[in-house]
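Encoded as structure tokens, the structure appears first; notes follow it.
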Amino acid sequence: MCGILGSVNKAFGNETLDLIKHRGPDHGEILSLKWNDSDITFGHRRLSIVDLSPSGNQPMKNPLNENLIIFNGEIYNHEFLKNSLSDYNFKGHSDTETILYYLSKFGIDSIENFNGIFAFAFFDKAKGKIFLARDPYGVKPLYYSVSNNSLVFSSEIRPIKSLIQTETNRENLAQLLKLRYSPSPDTIYSNIFKLRPGHILEYDLASHTTSIKPFQKAININVNAQFNRCVDKYGELLEKAVDRQLMSDVEIGSLLSGGIDSALITYFMVKRSPEKIKSFTVGFDEHSGESELDDAKETAQILGTQHKEVILHQDNFKEIFEKIIDIVEEPLGTTSTIPMYFLNMEVAKHLKVVLTGQGADEPLGGYTRYKGLFMSEKIPELFFRSLQPISPFIKNEKISRAINAFGEKDKIKKLENSYMLFNEKEIFELINTQDHNSYTKIKYFYDDLNCEKKHLVESMMSIDSRMNLADDLLLYTDKISMHFGIETRVPFLDHELMNFLETLPYPFKIKKGQGKYIHKEFAKSILPPKVINRKKKGFQSPTNQWFKDQLGDLMISELNQNPEFAQYFNLEKIRSLIKVHKAGFNKEKQLFLLFSLLYWFKSNKINL
């Protein structure tokens with residue numbers, strides 16, 4: 001796990017590369033070369049996990065044909081891939097060396113055989129092309145910018161910003177307000193993009209042209225699947241996934257919440273490890289609402305881990321929020337960035353690698369929106385449309401959003417409204433700009449994944465696994481964990497496991513209004529009922545109450561001190577929103593996103 005930075009005709013030095021030194025504190029190196037009239041520069045910061053020797057350092061060159069790679073991630077099946085590379089002499093045992101030779105021998109399309117988390121750049125000298133690639137579920141971010149005869153790309157935005165001129169894109173800002181994150185390929189900037197999960201960017205050095213294509217094939221539902229056999233197969237594949245992701249030359253720990261997902265991952269870690277697994281959890285003090293601390297402690301005792309807790313207070317929010325915005329680089333409406341920061345700060349004192357239960361909700365139907373969409377199809381759309389005039393007066397934000405979504409006939413629009421944080425009217429009132437982008441981003445994956453042949457709830461789960469999971473949850477997990485030099489692995493997104501899960505009919509996942517049905521049925525064979533049947537609490541912050549108290553007052557005060565933010569936003573509308581929240585209408589997520597944007601504009605004083 002590392003940080004990459006590269007360019008064509010945009011030279012940079014160690015000062016620029018060190019902007020991502022936190023991602024790879026163990027080694028840094030830059031390699032420059034020329035191809036015809038193009039100056040190519042590849043830079044790499046290394047976090048040593050597999051093959052700790054200099055043999056694993058990057059940039060790495062193939063001595064036979066001078067192909068070159070910089071790679072961030074882990075290829076868990078690289079030993080298997082290595083079996084077809086007997087004609088190569090390996091200097092070490094890193095997965096980087098394996099995929100360098102594999103891509104050199106079989107070409108970029110062989111990426112479909114990789115099982116792992118990755119973002120890399122591969123220079124194919126014979127073809128005169130640079131290929132950028134991002135793993136199928138976007139665990140690792142990859143940003144890029146193309147202009148004239150130049151290309152710049154990196155694991156993070158800040159090195160790109162140091163090499164090009166940037167500006168805020170108002171339409172992308174409107175999209176962010178709608179979805180609460182910026183879906184690939186967009187960012188909040190006009191000229192900096194994210195490569196979509198499961199896609200390859202090809203840059204032709206001769207013509208300086210760019211093309212992008214998906215490498216993941218659409219998966220069809222197996223309508224003949226037998227549930228009992230699938231339960232056994234699911235357990236087998238999940239155990240294999242955890243086993244694969246224990247590949248490391250350093251110690252690995254677990255992020256253990258009070259839920260079933262991380263409990264299953266930790267169970268298999270404990271089963272495999274001869275040493276006691278270190279587990280970590282984070283929660284809030286007794287004055288801050290729901291917390292998973294007690295549940296996680298009980299699970300740790302059941303599984304026999306060496307457990308550590310991080311307890312947060314309201315003061316921690318104000319203390320660190322501005323720094324978190326800078327670390328994540330993209331404004332998000334996700335409150336769990338705060339506990340994630342403090343959790344990783346504690347983990348960094350002990351470990352460089354952890355496994356997490358993240359990524360189970362999307363393919364297994366764990367979120368309320370899946371159950372709501374499934375149940376709504378038993379009710380005529382006309383019923384929901386009749387309720388839409390009163391939806392603004394409903395205090396429960398989820399119910400209000402469901403009414404506006406489930407009354408839509410257009411499937412894409414129904415999905416868009418299911419995700420909607422601010423509606424079209426509110427967005428226009430806030431920034432005097434409309435969102436025209438969200439619909440097309442959802443439609444892209446709807447078409448690419450052949451969703452027209454699926455039940456709508458199956459489509460939603462597949463799209464979520466490549467949109468909000470990748471560009472919201474996994475994005476802040478990567479940025480925050482790598483800020484502390486920690487590699488976070490996600491066994492539920494193992495490619496073999498995900499390929500299996502996406503073939504399963506939706507009744508295997510959602511049954512009688514309950515999500516994760518097959519998940520829980522398998523868990524019964526290895527976990528006690530009290531772990532399986534606990535109420536889902538989620539990885540949240542108690543910001544609902546905080547915005548009613550001091551945090552809302554702090555936000556009002558900050559509004560008056562940020563002229564950059566005021567050039568985009570209607571401040572009176574935001575003050576009104578704070579009043580509405582304090583009156584009992586839950587606007588926690590909306591205010592959190594606006595607070596994120598407030599600090600983002602403060603720290604990103606770019607062209608307006």
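Remarks
- Residue in the stretch 124-137 that is over 20 Å from the mean Cα position of the chain (by Cα), at pLDDT 95 or above, among the aliphatic types (A, V, I, L, M) and crowded, with 24+ Cβ neighbours inside 10 Å present: yes
- Sole exception among (1) touching a Pro at 6+ places or on another chain (Cβ under 8 Å); (2) surrounded by 20 or more Cβ atoms within 10 Å (Cβ to Cβ); (3) outside any helix (DSSP H, G or I) for Tyr181, by number: (1)
- Looking only at the stretch 2-33, and only at residues there that are assigned to a helix (DSSP H, G or I) and open to solvent by less than 70 Å² (accessible area, probe 1.4 Å), the one that is nearest to Arg244 (Cα to Cα): Arg23
- Annotation: of all residues in the stretch 404-454 being small (Gly, Ala, Ser) and part of a helix (DSSP H, G or I), the one that is farthest from the chain's Cα centre (by Cα) is Ala405.
- Helices (runs of 4 or more DSSP H) completely within the stretch 358-403 that count 2 or more residues being open to solvent by less than 10 Å² (accessible area, probe 1.4 Å): 361-364, 368-376
- So Phe422, is it of a type outside the set (A, V, I, L, M) and either buried (at least 23 other Cβ atoms within 10 Å of the Cβ) or in contact with a helix residue (DSSP H, G or I) (Cβ under 7 Å, 6 or more places away or on another chain) (or both): yes
- Flag if Asn36 is touching a Gly at 6+ places or on another chain (Cβ under 8 Å), of a type outside the set (A, V, I, L, M, F, W, C) and surrounded by fewer than 15 Cβ atoms within 10 Å (Cβ to Cβ): yes
- Restricting the stretch 560-573 to residues that are in contact with a helix residue (DSSP H, G or I) (Cβ under 6 Å, 6 or more places away or on another chain) and in a helix (DSSP H, G or I), the residue that is most open to solvent (accessible area, probe 1.4 Å) is Lys573.
- Leu373 being more than 25 Å from His581 (Cα to Cα), at pLDDT 75 or above, of a type outside the set (S, T, N, Q) and in contact with a His (Cβ under 6 Å, 6 or more places away or on another chain): no
- Contact map, the stretch 373-389: residues that are in contact (Cβ under 8 Å) with a residue 24 or more places away in the chain paired with residues that are hydrophobic (A, V, I, L, M, F, W, C) and open to solvent by less than 60 Å² (accessible area, probe 1.4 Å), Cβ distance under 6 Å, separation 6+ or inter-chain. Pairs shown: Leu373/Val457; Phe374/Val457; Phe374/Ile510; Ser376/Phe406.
- Scanning the stretch 209-230 for residues that are touching a strand residue (DSSP E or B) at 6+ places or on another chain (Cβ under 8 Å) and either acidic (Asp, Glu) or assigned to a loop (DSSP other than H, G, I, E, B) (or both) gives a single hit, Phe215.
- Hey, Tyr88 more than 24 Å from Val8 (Cβ to Cβ), open to solvent by less than 60 Å² (accessible area, probe 1.4 Å), under 26 Å from the mean Cα position of the chain (by Cα) and of a type outside the set (Lys, Arg) or not: no
The values are calculated or read from the model by the stated rules, or taken from the named source; none is laboratory data. For clarity, every value in this text was computed on a predicted model and none was experimentally measured. For neighbour counting, all protein chains shown are included, and Cβ atoms are generated from backbone atoms with ideal geometry for every residue, glycine included. Side chains included, ligands, DNA and RNA excluded: accessible areas come from the protein's heavy atoms. Shrake-Rupley method; radii C 1.70, N 1.55, O 1.52, S 1.80 Å.
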